[in-house]
Amino acid sequence: SVTQLDPTATDVETSLDDGKPPSAVIVNLSTPALLSAATFGHSLGPASSDQSTEPRTRAQPDPTAQHASRSSLPAMSHANLNPPEVQRYVVEHIVKNSDSAMHPAQRLRTFSGRSPRTQTESDYDTWRSGVELLLQDPAVSNLQRSRRIFDSLLPPAADVIKHLKPDTPPTVYLQTLDSAYGTVQDGDELYAKFMDTFQDAGEKPSHYLQRLQVALNQAVKRGGVLNKDFDRHLLTQFCRGCWDNSLIIELQLKQRKHNPPSFAEFLLLLRTEEDRDAAKTIRMKQHLGSSRPRAATNMQYAYTDSAGKGEIAALTNITQQLAQQLADIQKQLANLTVVRSSSSQSTAFKPTPGHKWGEGQGAGKPSKNPSSVPKPGYCYRC
């Protein structure tokens, strides 16, 4: 048997039992040592009947027999050892699988188009940025791109592209979704919106710069601003809308308008300066808080005895009497005021001396005010 031969022949039998590809077995058999071992194994005769009683000994191959068997084998070409079908199988099922294992497919974030959106979903601009990166990947076919776009959508956004065919290019998917969820404002309106973006109360300068960058990117995409002027417009609006003048002077931002920094460099400058200011504020609080004198507390205790309680009761009685007297005085003053007002009203209708009835009025015409007509038989001269 082959198991009684050299260990290399044992490897051949194991590879055949394990189901390895035929090409691997053929390549292993193509070596001279394995060919001689296989030929010698076939030339062995049946074992003798006394092998069960005697210890098994390893057979020694005869060099003359090996040379005769090797010369009797036909010559094998390279095509017979590695057929094209086996090579194609190895390339398609081994090489491609190893490449896919090294570069797994990245899933897109979900987008539904609902408002308000959940925390697990992204907005349309963020989702579209991921799709643009997918379109630039040369290792992904158009069919796979369309499938990933469709798998990342949830209703109602998925309902917008349901009518499209599976072989539709991914660019058509994006055009359809842009018409439903894309920005409809033109570049000039977006640029005007960018110019009206100012720093909010309590907002850090670095956060304000990030908001400006998002607004300016939208204006650039819609053609409101040229891409080459991006950094200049960003720096100009930051100096215009940031209320921290000390920061602008410290970083000399106005002097850099002719050579503005990039967004990444600009953001790093602001964050570094903010970190320095925060550290300085902490040091100042620690220093001033440790050297501040502590306020001294003085405690005073008051004790009252029985005599003091009697004096307090007497003062309370006097206060109540005074309050009662004050109420009586106020009541008398109110009555006197009423009497005086009634007497002044009765004397207001008396005419002056020398006044006659009917004087200054038409003859036979009654007075317009019936209350001012004097009673008959009343003399105003007495």
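A few remarks follow.
- Within region 158-198, the residues that satisfy the criterion of being closer than 25 Å to L247 by Cα and out of contact with any Lys or Arg (no Cβ under 9 Å at 6 or more places or on another chain) are K193, F194, D196.
- Within region 250-267, being more than 15 Å from Q213 (Cβ to Cβ) and loosely packed, with under 11 Cβ neighbours inside 10 Å holds for Q252, Q255, H258, N259.
- Filtered residue count, region 138-168, keeping only those that are open to solvent by 60 Å² or more (accessible area, probe 1.4 Å) and farther than 17 Å from R109 by Cα: 10
- Residue check, T183 out of contact with any strand residue (DSSP E or B) (no Cβ under 8 Å at 6 or more places or on another chain), at pLDDT below 90 and of a type in the set (S, T, Y): yes
- Among the residues making up region 218-249, a single one is open to solvent by 70 Å² or more (accessible area, probe 1.4 Å) and in contact with a Pro (Cβ under 6 Å, 6 or more places away or on another chain): R232.
The values are calculated or read from the model by the stated rules, or taken from the named source; none is laboratory data. All values reported here derive from a predicted model rather than from experimental measurement. As a convention, Cβ positions derive from the backbone with ideal geometry for all residues, glycine included, and neighbour counts pool all protein chains shown. In case anyone asks, the SASA skips ligands and DNA or RNA and just uses the protein heavy atoms, side chains included. Shrake-Rupley method; radii C 1.70, N 1.55, O 1.52, S 1.80 Å.
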